[in-house]
1. Convex hull over the alpha-carbon atoms of the chain: what's its volume per residue in Å³?
2. Assuming 0.36 nm per residue, please report the length gained on full extension of the stretch Glu207 to Ile124 beyond their Cα-Cα distance.
3. What does the net charge come to around Ile275 if you take all other residues with beta carbon closer than 13 Å to its beta carbon, with K and R at +1 and D and E at -1?
4. Return one whole number: the accessible area per residue of the range 267-355 in Å², for a 1.4 Å probe.
5. Rounded to the nearest 0.05, what FRET efficiency do Asp306 and Asp151 have when you use their Cβ-Cβ distance and R0 = 56 Å?
6. Across the range 93-101, in residue order, what do the Karplus-derived ³J(HN,Hα) couplings come to in whole Hz, using 6.51 cos²θ - 1.76 cosθ + 1.60 with θ = phi - 60° and x for Gly and Pro?
7. So if I take the centroid of the Cα atoms in the range 38-68 and the same for the range 279-350, what is the distance between those two points in Å?
8. To the nearest 20 Debye, how big is the dipole of the chain about its Cα centre, given +1 on the beta carbon of each Lys and Arg and -1 on that of each Asp and Glu?
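The values are calculated or read from the model by the stated rules, or taken from the named source; none is laboratory data. Owing to the predicted nature of the structure, the values given are computational and were not obtained by experimental measurement. Note that each Cβ is placed from the backbone with ideal geometry, even for glycine, and that neighbours are counted across all protein chains shown. All accessible areas refer to the heavy atoms of the entire protein, side chains included, with ligands and DNA or RNA removed. Shrake-Rupley method; radii C 1.70, N 1.55, O 1.52, S 1.80 Å.
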Amino acid sequence: MVKNIAVIRGDGIGPEIVEQALKVLNRIAELYGHTFSYTDVDMGGCAIDKYGDPLPDSELKKCVESDSVLLGAVGGDKWNDVPGPKRPEKGLLRLRAGMGVYSNNRPAKIWKQLADASPLKKSIVDKGIDFIIVRELIGGIYFGEHKTEGDTATDILKYSETEIERIGRIGFETARKRNKKLCSVEKSNVLDSSRLWKKVMHRLAEEYPDVELSDMLVDNCAMQIVKNPAQFDVVVTENMFGDILSDEASMITGSIGMIPSSSLGSTTCGLYEPIHGSAPDIAGKDIANPIGTILSAAMMLRYSFDMSEEADAIENAVSAYLDAGYRTADIMSDGMTKVGCSRCGDLVLENLKKE
Ligand code: IPM
Ligand code: MG
């Protein structure tokens with residue numbers, strides 16, 4: 001197959017982690033006879049420096065016209081004083097909205113090799129951690145009006161039934177393919193938008209009688225994720241709650257550096273990115289963990305290009321790399337061999353075999 005991938009290296013550790021994922025994609029192309037061509041896209045702080053805009057229309061266009069987008073990370077202290085509408089993160093939000101990718105899928109799965117890296121007690125980890133957070137990505141407080149007047153600042157949190165219903169369906173469909181348990185997370189004891197969320201989820205539940213729907217308040221969910229993560233199969237939630245809970249969920253699996261994500265809308269053109277940030281403090285030192293980005297590339301193959309064998313090959317190579325005892329600094333533990341970012345990429349390549 002021939003696929004055109006838009007590549008956003010971004011800021012901080014973005015370029016080094018993306019480089020490793022491209023190595024892996026190139027080897028997949030060789031092994032399976034595909035052609036991947038790459039279109040470079042500037043977004044984030046680097047685009048502010050170059051164009052004075054975190055995502056100019058011409059760059060967004062390249063993404064929308066691609067078969068899918070691979071993104072490293074954006075942002076950094078250097079652009080902290082840039083006003084809100086021109087911040088690097090604004091580029092990312094514009095990209096998500098411009099691509100219409102309303103459904104963000106963030107797996108929280110513990111690799112058996114990394115059980116010791118989890119900050120949770122062994123008795124909790126041993127019960128298993130394997131769930132997915134389905135986060136609404138282009139609505140809610142992120143996209144409501146933001147304004148500051150005098151000494152008062154306002155951010156509007158708004159959801160329509162249509163927006164809730166389309167992400168709700170993804171939640172139910174995802175649960176249907178797994179253990180058929182969907183937990184809808186909201187704050188319906190306080191927020192109108194959450195009461196609407198809950199109503200729509202229950203209406204949808206009638207169409208998915210095979211899926212068991214439960215409701216949970218977001219503060220309780222934050223607690224349950226550390227108390228008993230084994231209870232979750234699929235969690236569906238709004239944009240900001242999903243942002244916060246997915247950081248928490250990633251941490252109990254050992255490291256945020258290991259977690260990929262996919263964002264999809266109504267077409268197969270998706271956005272694939274690790275869930276961590278640009279980590280400017282370790283940028284350029286060749287110590288970042290590129291696995292979240294490598295696994296994001298695997299998700300791209302699986303969900304946008306229908307290449308599940310190729311995706312399995314990448315995931316197995318990552319597992320073999322961990323089995324061999326190699327660890328980047330973020331997940332380093334006694335008795336393991338510490339490696340840097342590019343060596344990690346090379347070792348994943350060494351373990352990559354046609355399934
Ligand atoms: C994420 C990030 C972004 C978000 C930031 C960088 C805008 O934290 O992808 O989780 O809040 O969505
Ligand atoms: Mg986040």
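1. Spelled out: Cα convex hull of the chain, divided by residues, is 141 Å³.
2. Full extension of this stretch gives 26.5 nm more.
3. Its environment carries a net charge of -1.
4. Normalised by residue count, the accessible surface of the range 267-355 is 39 Å².
5. Given R0 = 56 Å and the Cβ-Cβ separation, E is 0.55.
6. Residue by residue, the range 93-101 yields 5, 5, 4, 4, 5, x, 7, x, 8 Hz.
7. 25
8. Around 520 debye, computed over the chain.
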